[in-house]
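Input: a single structure, listed below in structure tokens.
The values are calculated or read from the model by the stated rules, or taken from the named source; none is laboratory data. Treat the numbers as computed from the prediction; the structure is a model and nothing was measured. Quick reminder, even Gly has a Cβ in these numbers, built from the backbone with ideal geometry, and neighbours come from all protein chains shown. When the accessible area is computed, the model is the full protein with side chains, heavy atoms only, and any ligands, DNA or RNA have been set aside. Shrake-Rupley method; radii C 1.70, N 1.55, O 1.52, S 1.80 Å.
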Amino acid sequence: MPLLGVAAVALFVLEAKQQLRLRTRPKAERQLINAAVAAPALPALRLLLLPGMHAAARWAEKHNFGILPRLNIPGLARYMLGFLALDYTNYLWHVLLHRSDLLWRFHNVHHLDLDLDLSSAWRFHIGENIASLPYRGGAVALLGIPAPLVLFYEVIFEGCTAFHHSNMRLPYTLERRLCQMVVTPRMHGIHHSIVAREANSNFSVIFSCWDRLHRTLRLNVPQAEVIIGVPAYRSLAEQTPKHLFLLPFQKQRPWQLPDGTVPEREELPNRARLLP
Ligand SMILES: [Zn+2]
């Protein structure tokens, strides 16, 4: 918690000083909404999901369950492989959140934010956090992840989530190199675009290699042209905490603007080249 707190404060200052995308809504207005969405979801993460994953790891250890202990590889290499494998399962979970009609109802609450910044990193519906428990706990047990690695991975996972949701403008050449390895703010900004093709790209959480591996990487979108959100949910009146809490339980709208048009953009060549 102290580590993540320091990282969050640093990102908060940096994104205010060096803004990447222009805001469409006042910062305080969204921070209040996002805090209200996070208020039940964050305790669910801390008190249910994290202890659940930790318990799954200890159960696997006790019963000699899981893949990693069977591979017979030494300590540090086993931790590194476990870290990578966990990150891959989270890539797959994120794809599932977008592909499953049921899970999308909850993940939609995260995506229909009208801007993207540090506060979006915790704006998840409590239902999404609860739904991820069997998946993420199951993955930990199946892989046989050591319990300390679960906690270590989670700290890095949350730190990286805060980083790539932030609206911090990194020097372009630095970010172009950085996104060869990890998910960056420009890369994740494209994932929050109202263009369907772009929202269905860049699912990775820490390492960007999973998107390269599955050809879901898309970096060739000029950042200034990205419109953040979900086209059918752009009304400010629906951005209240109450609306957002009830949204998963209501009929979902198709991926189109209120006037019926579907947001499109001409695709530029070379998907693997990050644009400024
Ligand atoms: Zn997403």
Complete set of residues in the stretch 165-183 that are without any contact (Cβ under 8 Å) to a residue 40 or more places away in the chain and buried (at least 21 other Cβ atoms within 10 Å of the Cβ)
183
Is at least one residue of the stretch 6-26 farther than 19 Å from residue 169 by Cβ and either in contact (Cβ under 8 Å) with a residue 40 or more places away in the chain or among the polar types (S, T, N, Q) (or both)?
no
Given the criteria of a type in the set (D, E, K, R), open to solvent by less than 60 Å² (accessible area, probe 1.4 Å) and more than 21 Å from the chain's Cα centre (by Cα), does residue 15 qualify?
no
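Here is a yes/no grid of residues against (1) at pLDDT 95 or above; (2) closer than 17 Å to residue 121 by Cα; (3) of a type in the set (Val, Ile, Thr):
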{"residue": "5", "(1), (2), (3)": "no, yes, no"}
{"residue": "10", "(1), (2), (3)": "no, yes, no"}
{"residue": "13", "(1), (2), (3)": "no, yes, yes"}
{"residue": "33", "(1), (2), (3)": "yes, yes, yes"}
{"residue": "43", "(1), (2), (3)": "no, yes, no"}
{"residue": "54", "(1), (2), (3)": "yes, no, no"}
{"residue": "64", "(1), (2), (3)": "no, no, no"}
{"residue": "73", "(1), (2), (3)": "no, no, yes"}
Looking at residue 119, is it more than 14 Å from the ligand (Cβ to nearest atom), under 24 Å from residue 196 (Cα atoms) and either open to solvent by 10 Å² or more (accessible area, probe 1.4 Å) or modelled with pLDDT of 95 or more (or both)?
yes
Of those in the stretch 230-266 that are hydrophobic (A, V, I, L, M, F, W, C) and in a helix (DSSP H, G or I), the residue surrounded by the fewest Cβ atoms within 10 Å (Cβ to Cβ) is 237
Could you check residue 104 against (1) open to solvent by 30 Å² or more (accessible area, probe 1.4 Å); (2) more than 15 Å from the ligand (Cβ to nearest atom); (3) not aliphatic (A, V, I, L, M) and say which number it fails?
(2)
Quick check, is residue 90 out of contact with any Leu (no Cβ under 8 Å at 6 or more places or on another chain), within 27 Å of residue 149 (Cβ to Cβ), of a type in the set (S, T, N, Q) and outside any helix (DSSP H, G or I)?
no
Residues of the stretch 190-228 being open to solvent by less than 10 Å² (accessible area, probe 1.4 Å), among the small types (Gly, Ala, Ser) and away from the ligand (no atom under 12 Å from the Cβ), which ones?
208
